[in-house]
Amino acid sequence: MFNISEEFVVRFGTIDDIDQIFDNIQRIKIEMSEQKIAQWPLDKDYPSKEMIKTDLLNSQYFILEKNKEYAGSVVLNTITTPPYSEISWNGKHFLAVHRLATVKAFRKDDAGQLLMSFAEEWALAHHQDSIRLDTYSHNRRANKFYQSCGFTQVGKISLPWMPEQYYCYEKLLSVAD
C-alpha cells in the first residue's frame, strides 16, 4: 500500500476488485456517451472484463482508495502495440498509462491527479525516463487534464474500430542516476 495523501492510498488491485473496476468503467462509458465522446463506446466490449482480469493477474492494476472506499484505478505497464511504435517518442524507458478511471464522487478530490502523481512516482522508482499515454481526440476534458499534468502531445494514431484519432502524449521525467 502506498500513502499518497492524508486520506488516499494506492494499492495493487486484486481479482476481488474486478467488479468495482468494471462497474465504474461502465458508468464512465455512459457519462462519455451522454457527452457524445466515443472514447469507450457503449457498443464495444472495451475495456472488457477479461482484459481487466488479465491486468489484475499481471499486477498492473492500481486501485485508489479514500478511507478504504474505491475512488479509481489505473493500469501501469511497459506494453506498447504496433500503432504506438509509429510515434516518435522521446523517452527510451517508459511507463505506459492505460484505462485511468475515477469515481465521479472523488473527482472533486483530484482523484485523477492523485493517480497520475502516483504513476510518476512509480515510473521514477522503476527508472523510467518518460510516461506515455493516449486519449481520444474528441475528449476535450481528458486532453486538457493530461496537458495540465505536464504531458506534451507527440503524435496521433488511428485505431481501425474508432471513428476519430487518438492523441499520444508523453511526459519526460528527470531520472536520478
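The values are calculated or read from the model by the stated rules, or taken from the named source; none is laboratory data. Here the structure is a predicted model, which means the values were calculated and not measured. Note: ideal-geometry Cβ built from the backbone for every residue, glycine included; neighbour counts use all protein chains shown.
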Leading residue by the ranking (modelled with the highest pLDDT) among those in the range 42-60 that are surrounded by fewer than 15 Cβ atoms within 10 Å (Cβ to Cβ) and hydrophobic (A, V, I, L, M, F, W, C)
LEU57
Please state which one of GLU6, GLU31 is of a type in the set (Asp, Glu) and touching a helix residue (DSSP H, G or I) at 6+ places or on another chain (Cβ under 8 Å).
GLU31
Mind listing whichever residues of the range 154-177 are over 24 Å from LYS44 (Cα atoms) and either touching a Gly at 6+ places or on another chain (Cβ under 7 Å) or part of a loop (DSSP other than H, G, I, E, B) (or both)?
GLU170, LYS171, LEU172, LEU173, SER174, VAL175, ALA176, ASP177
Where in the range 45-152 are there strands (runs of 3 or more DSSP E), lying wholly inside it, with at least 2 residues that are within 29 Å of GLU164 (Cα to Cα), of a type in the set (Val, Ile, Thr) and in contact with a helix residue (DSSP H, G or I) (Cβ under 7 Å, 6 or more places away or on another chain)?
69-77, 94-102, 130-136
Check on MET32, surrounded by 13 or more Cβ atoms within 10 Å (Cβ to Cβ) and without any contact (Cβ under 8 Å) to a residue 24 or more places away in the chain
no
Of the criteria (1) over 16 Å from the mean Cα position of the chain (by Cα); (2) of a type in the set (S, T, N, Q); (3) under 17 Å from GLN20 (Cβ atoms), which one THR102 fails
(1)
Go through the range 65-110 and give me each residue that's at pLDDT below 95 and either touching a Leu at 6+ places or on another chain (Cβ under 8 Å) or hydrophobic (A, V, I, L, M, F, W, C) (or both).
ILE79, PRO83
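Just a yes or no: is a residue in the range 35-48 in contact with a strand residue (DSSP E or B) (Cβ under 9 Å, 6 or more places away or on another chain) and more than 18 Å from HIS138 (Cβ to Cβ)? Explain how you work it out, then say what you get.
Filtering the range 35-48 for residues in contact with a strand residue (DSSP E or B) (Cβ under 9 Å, 6 or more places away or on another chain) gives 37-40, 47.
So of that shortlist, the ones also more than 18 Å from HIS138 (Cβ to Cβ) come out as 47.
Yes, the range 35-48 contains at least one residue that is in contact with a strand residue (DSSP E or B) (Cβ under 9 Å, 6 or more places away or on another chain) and more than 18 Å from HIS138 (Cβ to Cβ).
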Restricting attention to the range 61-77, which residues are over 11 Å from the mean Cα position of the chain (by Cα), at negative phi and surrounded by fewer than 21 Cβ atoms within 10 Å (Cβ to Cβ)?
GLU65, LYS66, GLU69, TYR70
Candidate set: the range 1-32, residues that are modelled with pLDDT of 95 or more and either among the hydroxyl-bearing types (Ser, Thr, Tyr) or in a loop (DSSP other than H, G, I, E, B) (or both); chosen: the one farthest from MET162 (Cα to Cα):
THR14
Qualifying positions in the range 83-99 - loosely packed, with under 14 Cβ neighbours inside 10 Å and either under 14 Å from the mean Cα position of the chain (by Cα) or among the basic types (Lys, Arg) (or both)
LYS92
Residue ID - nearest to TRP40 (Cα to Cα), chosen from residues in the range 115-153 that are surrounded by 17 or more Cβ atoms within 10 Å (Cβ to Cβ) and of a type in the set (Val, Ile, Thr):
THR135
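So is ASN58 farther than 20 Å from SER5 by Cα and under 13 Å from the mean Cα position of the chain (by Cα) or not?
Values: farther than 20 Å from SER5 by Cα: yes; under 13 Å from the mean Cα position of the chain (by Cα): no.
Judged against the criteria, ASN58 is not a match.
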